[in-house]
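Heads up, the thing below is written out as structure tokens.
The values are calculated or read from the model by the stated rules, or taken from the named source; none is laboratory data. If you're wondering where the values come from, they're calculated on a predicted model, not measured in any experiment. Note: ideal-geometry Cβ built from the backbone for every residue, glycine included; neighbour counts use all protein chains shown.
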Amino acid sequence: MKISPSYVAQLLAANEDDAIEALSHLAGFWSARARLSEIGELIGLSPSERAAHLALWYSGEVGNGGHTQYFMNLWGSFAHETVDSLETLGLEEAASILGNAIRVFPDRHLPKERTARLAALKRLSRHHLGLLHQADLALGAIAMQFDMQILGYLQQHRHDVLAAEQS
């Protein structure tokens, strides 16, 4: 599907009121290319799109059901990579929140395989679950930063955004 470069530029230049909608449109386009490889790697996205994609899924999952939901679902398998993506996007506080949430697991490591992640979550103490709840609240308190920060990053890397789709 071909997309007009002026439309992409318009989306990337969205103001704060339109940022969520703009990111939703952008992600909708690049998500058609995103897929998991046979070994569970996220492929088909440019580096900028990948960073934004992981950050958006993290924010969305935690906003919907907390860190426990994020860790239980597919995108939880990318938690360690998402920390790096958040830092790349300039969302250092969010990267710190996710990094601290990961630290409640044994060896400060979240398993990539879903069954192992679910088992690790099931073994968490009330104290550790409380720490995840605190991480939920902390992320919620900074959620307003996400959209404009991601859009700003994507605008700086506009050559890397939807390049395959632009005519």
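Could you list all residues from segment 20-68 that are hydrophobic (A, V, I, L, M, F, W, C) and under 13 Å from the mean Cα position of the chain (by Cα)?
At the first step, the residues of segment 20-68 found to be hydrophobic (A, V, I, L, M, F, W, C) are 20, 22-23, 26-27, 29-30, 32, 34, 36, 39, 42-43, 45, 51-52, 54-57, 62.
Within segment 20-68, Leu23, Ala27, Leu42, Ala51, Ala52, Leu54, Ala55, Leu56, Trp57, Val62 qualify.
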ask   = Which numbered condition trips up Asp17, out of (1) part of a helix (DSSP H, G or I); (2) under 16 Å from the mean Cα position of the chain (by Cα); (3) closer than 22 Å to Ala141 by Cβ?
value = (2)
note = For segment 18-37 the number of residues that are of a type in the set (Ser, Thr, Tyr) and touching a helix residue (DSSP H, G or I) at 6+ places or on another chain (Cβ under 8 Å) is 1
query = Is there any pair with a first residue in segment 16-42 that is among the β-branched types (Val, Ile, Thr) and a second that is surrounded by 15 or more Cβ atoms within 10 Å (Cβ to Cβ) and in a loop (DSSP other than H, G, I, E, B) whose Cβ atoms are under 9 Å apart and which are 6 or more apart or on different chains, and what are they?
reply = Ile20/Ala14
note = Scanning segment 90-144 residue by residue, the ones that are over 20 Å from the mean Cα position of the chain (by Cα) and either under 19 Å from Leu56 (Cα atoms) or among the hydroxyl-bearing types (Ser, Thr, Tyr) (or both) total 2
remark   = Per the filter on segment 79-126, residues under 18 Å from Gln145 (Cβ atoms), small (Gly, Ala, Ser) and either without any contact (Cβ under 8 Å) to a residue 24 or more places away in the chain or assigned to a helix (DSSP H, G or I) (or both) are Ser85, Ala94, Ala95, Ser96, Gly99, Ala101
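Select from segment 64-118 the residues that are of a type in the set (Asp, Glu) and at pLDDT 95 or above and write down the one among them that is farthest from Ala51 (Cα to Cα).
Ranking the candidates gives Glu93 first.
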query = What are the residues in segment 28-54 that are within 23 Å of Thr115 (Cα to Cα) and either modelled with pLDDT of 95 or more or of a type in the set (Lys, Arg) (or both), if any?
reply = Arg35, Leu54
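Given the options His67, His53, name the one that is part of a helix (DSSP H, G or I), surrounded by 15 or more Cβ atoms within 10 Å (Cβ to Cβ) and in contact with a strand residue (DSSP E or B) (Cβ under 8 Å, 6 or more places away or on another chain).
Criteria check complete, one pass: His53.
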